[in-house]
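First up is the structure itself, then whatever we jot down about it.
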Amino acid sequence: MAEPTVAYRQGHFEGLGTLFLPAAEPARPVAVSSGRHQNLCLVVFFVLAVMTVACACAAIVAAVAQHLKSALPSPFGDDGEEVVAIPNRSARVAYQRLAEDTPRKLIFCFVNSSRPSGSPHVFDVGNVSASLCDALVFVAVGLDANRSVIRIRNPAEDNEVIQRISKIKTSGSESSVVTYACVGGEESDNADFKWMVRDKKPRLTFIRKSAEWLHQRGLDGLALYWKYPTMSSRTNLSTLVNTMRMYFDKDKLRMTVVVPWNVVTRRHGYYVRSLFDRLDVVIVDTHRTVDSSSFQ
C-alpha cells in the first residue's frame, strides 16, 4: 500500500484525512458452509423427533387396543372359528362345576333294534336297566338330504323302539332320564350331511323339522353323528351346531355331537372349543379303539 501524501493548495491541506482514518480491515470470509450444516442438523433432529413421537403414539394406541381386546370376549376361538356366547348350560360350564363339586359320571345307554354279531341279545330298551342310565340314545335315524328332514331307517322296528323310549320318562322313577335320537352313525350318511349343511336354507329347514320331529315323539334331544366331516365342511357344521343350539334352547330341547376318538380327525372336522361352549354333552366315539384281547 502506498504512503499518503499531504499537499497545501489554495489555503488548505489536502490528504490529511487519510492520515487519521483507520486502516480498512481485510474482508472476513462468510461462514456459509457452517450455517448450512447447522440447518441440516436441525432438520434431521426435527424429523427424528417427529418420528419418535409418532412411534410412541402408535405404541400407546396398540397397547390400548390390545387391552380392550383382552378385556372383551373374543369372537374367535383358538382354531380360528367363530365362537358364540357360552350359554348357562354347556359342556364347559358343567365340567367346571364337576371339578368344584364331587366328581360324577354321566352314563349314556345306546339302544336300537339290531342284533350285534356274536351277541345273543339285541340292543333293545328291554335289555337296558334304565335306572342306571342318565340318558337313553336311540341309534340311529337317517337323514333325507333332499328334504332336510330326519328319516326313519326301519319304520316297522324303529318307531316301536322310539315309542318305548319316550314312555320311560312317564314311568315314575325313570322320569329324570334324558332321551335322545341319534342322526347318522354310518359312513353312507356322509354325503347327506355334507349336502344339508352346505347352505343356510337346508340347515334352517333341518333344525326346524328336527324340533318338530322330537316334540311329536316325546324325545328330549338330538345327537348328531356325522362320520366324519372334513375340513372343507367344518365351518358349515359349526354354523349348524350354533344355530341349532339357539333354536333348541327356545324349544327346551337338548343336543349333542358325537366326535371321533382320533385327535387329527377330530380337529379336521370340528371346532372343538366351540362344541364345548355350545353343547350340553360331547360324546366321544371310542368304538374299536381298544383291543378287546387286552382284557382277557
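Bear in mind these aren't lab numbers, they're just calculated from the coordinates by the rules spelled out. From a predicted model like this one, the values you see are computed outputs, not experimental measurements. No Cβ is skipped: glycine too gets one built from the backbone with ideal geometry, and neighbour counts run over all protein chains shown.
For Glu212, Glu187, what's the fewest-to-most ordering of other Cβ within 10 Å of each Cβ? Intermediate results must be reported in sequence, preceding the final value.
On the way: Glu212 13, Glu187 10.
Least crowded to most crowded, the residues run Glu187, Glu212.
Can you run phi through the Karplus equation (6.51, -1.76, 1.60; θ = phi - 60°) for region 126-139 and list ³J(HN,Hα) in whole Hz, with x for Gly and Pro?
Coupling constants for region 126-139: x, 9, 10, 7, 5, 5, 9, 10, 7, 8, 10, 10, 7, 10 Hz.
Students often get this wrong, so check it: of Lys169/Lys200; Lys167/Lys201; Lys169/Lys209; Lys167/Lys200; Lys105/Lys201, which have C-alpha atoms separated by over 26 Å?
Values: Lys169/Lys200 34 Å; Lys167/Lys201 33 Å; Lys169/Lys209 23 Å; Lys167/Lys200 35 Å; Lys105/Lys201 38 Å.
Check vs 26 Å cut-off fails for Lys169/Lys200; Lys167/Lys201; Lys167/Lys200; Lys105/Lys201.
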